[in-house]
Structure formats: C-alpha cells, structure tokens
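A short reminder: the numbers here are calculations on the coordinates, not readings from a lab. In this text, all values refer to a predicted model and were calculated from it rather than measured experimentally. Cβ: placed from backbone, ideal geometry, glycine included. Neighbour counts: every protein chain shown.
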Amino acid sequence: MLITCPHCGTRPVEEFTFNGDASITRPTSGDMDQWHDYVYLRHNPKGRFEEYAHHSGGCRAWLVVTRDTATHEIFGAVTARDHAKKRSAK
C-alpha cells in the first residue's frame, strides 16, 4: 500500500504510524463522562475513514489519511494542520 505524503511524495505504508480517528474533537468542558468517551470509546466504521498518521519513517509530519477500511484504498493525505484549518472553517 502506498501513501502520498504532501512533503515526501509517494511512500510505502511501512513508513507511517497510524494513530486513530481524525474526526474526534477534544471536549471543552470538565465533564468526566465526555472525557471518558473521548479517551476510551472508539467507533469501528466500515468504509471511508479519516485517521491520523505520523510519517515516522520520513519527514516526521502528522497527516490525516483518508482510506477505505474495507478495501484499504487510499483516497488522499493532507497535513494535520491543513485538516484542522479546514475543519475550523466550517
């Protein structure tokens, strides 16, 4: 499987460390139930999914990779910073 890093170009998946769902937002309140859900509960979706990836074997940038969890097809990757800016603009 190949992932196109915005900085390094197309690289093998072995250079990346995956770190979970990129759609989860950090709670702003001190409510313990919200924090419990944020830290421990994860969905296991089938289909298109955005997840954090660290290019640990390359430029060391944090990315958000969009892939299909059933077929492992990669649809794209953007820097985590660009992803956050796009999300906050909505």
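Before moving on, here are some points about what is shown:
- Other residues whose C-beta falls under 15 angstrom from the C-beta of D82 contribute a net charge of +4, scoring Lys and Arg +1 and Asp and Glu -1.
- Rounded to the nearest 500, the 222 nm mean residue ellipticity of the chain from helices alone is -6000 deg cm²/dmol, with -39,500 (n - 2.57) taken per DSSP H run of at least 4 residues.
- Local net charge near N19, Cβ-Cβ under 15 Å (Lys/Arg +1, Asp/Glu -1): 0
- Simple spin-label estimate for D31 and C59 in nanometres, 7 Å along Cα-Cβ: 3.9
- Peptides 67-79, 22-34, 51-63 ranked from most to least packed give 51-63, 67-79, 22-34, packing being the mean of other C-beta atoms within 10 angstrom over each peptide's residues.
- Alpha carbon centroid spacing (whole Å) that separates region 50-90 from region 14-29: 9
- Contact order relative to length of the chain, as percent, for alpha carbon pairs under 8 angstrom and 6 or more apart: 28
- Lys/Arg +1, Asp/Glu -1 at C-beta; region 37-90 dipole; positive extreme among N44, T66, A84: A84
- Taking the Cα centre of the chain as origin and assigning +1 to Lys and Arg Cβ atoms and -1 to Asp and Glu Cβ atoms, the resulting dipole is close to 340 debye.
- Remark: region 1-75 projects, on average over all directions, an area of 5.6 nm² (convex hull of Cα atoms).
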